[in-house]
Amino acid sequence: MDLVSDTIAISGATLLVHGGAWDIPDDVLDDHRDGLVQAWDTGQAALETGDPALDVVTEVVAVLEGHGAFDAGCGSMLNQDGVAELDAGVMDGQTGAYGSVMATKRLRHPVQVARRLLDAGEGQVRMLAGEGAERFAAAEGFELVDNNTLVSDRERERYERLRDQAATVHTSDSFLPGAVDPKTGERLPDAGHDTVGCVVCDTDGHLAAATSTGGTPFKPPGRVGDSPLPGAGFYADEDVAVSCTGWGEAIAAVVLAHDIAGRIHRGTAAEPAARAALTRMHDRVTGPSGRGARGGCIVCTSTEAAIAYTTPRMARATDDGIRVG
Ligand code: ASP
């Protein structure tokens, strides 16, 4: 297994953003870069004005949801019914409060609704699914949009192609290097996932994490992966914030974000903690092809930051620059 990881040197407030980990095709790299630049600029400006970590992660992820290049918000991949079904979660490290929404079809910015739930749920409700999430959003003054407004031409075309192919493709395969359709032996350029996420340490040293996704392409209606599950696709506490991307069923099985946080609590530095947790997931969960589960993550504490991925590429923005390889 190839594993790429980096320690990111930080000073003061810290922002890390990701735009998905998979075999990102060359022809969409510029779009990913563009989205990451916009997200990075928004996040940096918010941090400079002293915004709290929770606000910054929400704002950054909302920019990515609105950009169109990613599998999140507008431009998400479609399920087997040809419908965009979105998940998002956000967590405040200082208080341990989180909010998450899943399998939503009418929210333009699921991360903003998750954030509102974090406050308005008052600890009685933290996760809302489908219509319940949409009813909550409407009651809180969010506009409910027609699902078509979340569907791009690019994703409609991908859906049409996948309709023929998907029965033979396992979700886990598309995170592998050089993933191929087992039936035809052809490369799988269509089976990507550009889940987005952000972790922040603000000027007061408080941490937050957020993740948003349209999930896996051609997923069964109602399928929910790791992204809106606290501890799996996102996690933050007083010491560490993590956002993950990759094969969601595997990430949930090993509770990846919390695994990384736990290693850091036990004294491991961020970069080796991320490496060890991704290695464990790879060794512990295999797909039908017999190959280990892949994914990626961004991690920060108040003193250090790291990125790591076992997929061919991961799009990310850090103090080390905007990278897509
Ligand atoms: N983890 C996401 C999911 O399984 C997909 C991704 O990260 O690309 O829904």
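The values are calculated or read from the model by the stated rules, or taken from the named source; none is laboratory data. What you see is a predicted model, and the numbers here were worked out from it, not measured in a lab. Methodologically, a virtual Cβ is constructed for each residue, glycine included, from the backbone with ideal geometry; neighbour enumeration extends over all protein chains shown.
Points to keep in mind about this one:
- Residue count for region 218-229, restricted to those that are away from the ligand (no atom under 11 Å from the Cβ) and either crowded, with 22+ Cβ neighbours inside 10 Å or of a type in the set (Gly, Ala, Ser) (or both): 2.
- Pairs with Cβ under 6 Å, 6+ apart, first in region 208-232 and under 18 Å from residue 163 (Cα atoms), second more than 9 Å from the ligand (Cβ to nearest atom) and of a type in the set (Asp, Glu): 221/81
- Flag if residue 190 is closer than 22 Å to residue 111 by Cα, assigned to a loop (DSSP other than H, G, I, E, B) and modelled with pLDDT under 95: no
- Condition met for residue 244 (more than 19 Å from residue 84 (Cβ to Cβ), within 13 Å of the ligand (Cβ to nearest atom) and either touching a Phe, Trp or Tyr at 6+ places or on another chain (Cβ under 8 Å) or modelled with pLDDT of 95 or more (or both)): yes
- Scope region 278-310; condition outside any strand (DSSP E or B), buried (at least 24 other Cβ atoms within 10 Å of the Cβ) and in contact with a Gly (Cβ under 6 Å, 6 or more places away or on another chain); matching residues: 294
- Region 58-86, subset surrounded by 21 or more Cβ atoms within 10 Å (Cβ to Cβ) and out of contact with any helix residue (DSSP H, G or I) (no Cβ under 7 Å at 6 or more places or on another chain), residue farthest from residue 230 (Cα to Cα): 79
- Scanning region 266-295 for residues that are over 12 Å from residue 3 (Cβ atoms) and either of a type outside the set (A, V, I, L, M) or free of Cβ contacts under 8 Å to residues at least 40 places away in the same chain (or both) turns up 266, 267, 268, 273, 284, 285, 286, 287, 288, 289, 290, 291.
- Applying the condition of being surrounded by 18 or more Cβ atoms within 10 Å (Cβ to Cβ) and of a type in the set (Val, Ile, Thr) to region 41-57 and asking which residue is farthest from residue 299 (Cα to Cα) yields 42.
- Subset of region 11-23 that is surrounded by 19 or more Cβ atoms within 10 Å (Cβ to Cβ) and more than 16 Å from the ligand (Cβ to nearest atom) - its residue that is nearest to the chain's Cα centre (by Cα): 15
- Region 192-217, residues that are within 12 Å of the ligand (Cβ to nearest atom) and either among the hydroxyl-bearing types (Ser, Thr, Tyr) or more than 18 Å from residue 52 (Cα to Cα) (or both): 192, 193, 194, 195, 196, 211, 212, 213, 214, 215, 216, 217
- For residue 245, the requirement of being free of Cβ contacts under 8 Å to residues at least 24 places away in the same chain and in contact with a helix residue (DSSP H, G or I) (Cβ under 9 Å, 6 or more places away or on another chain) is not met.
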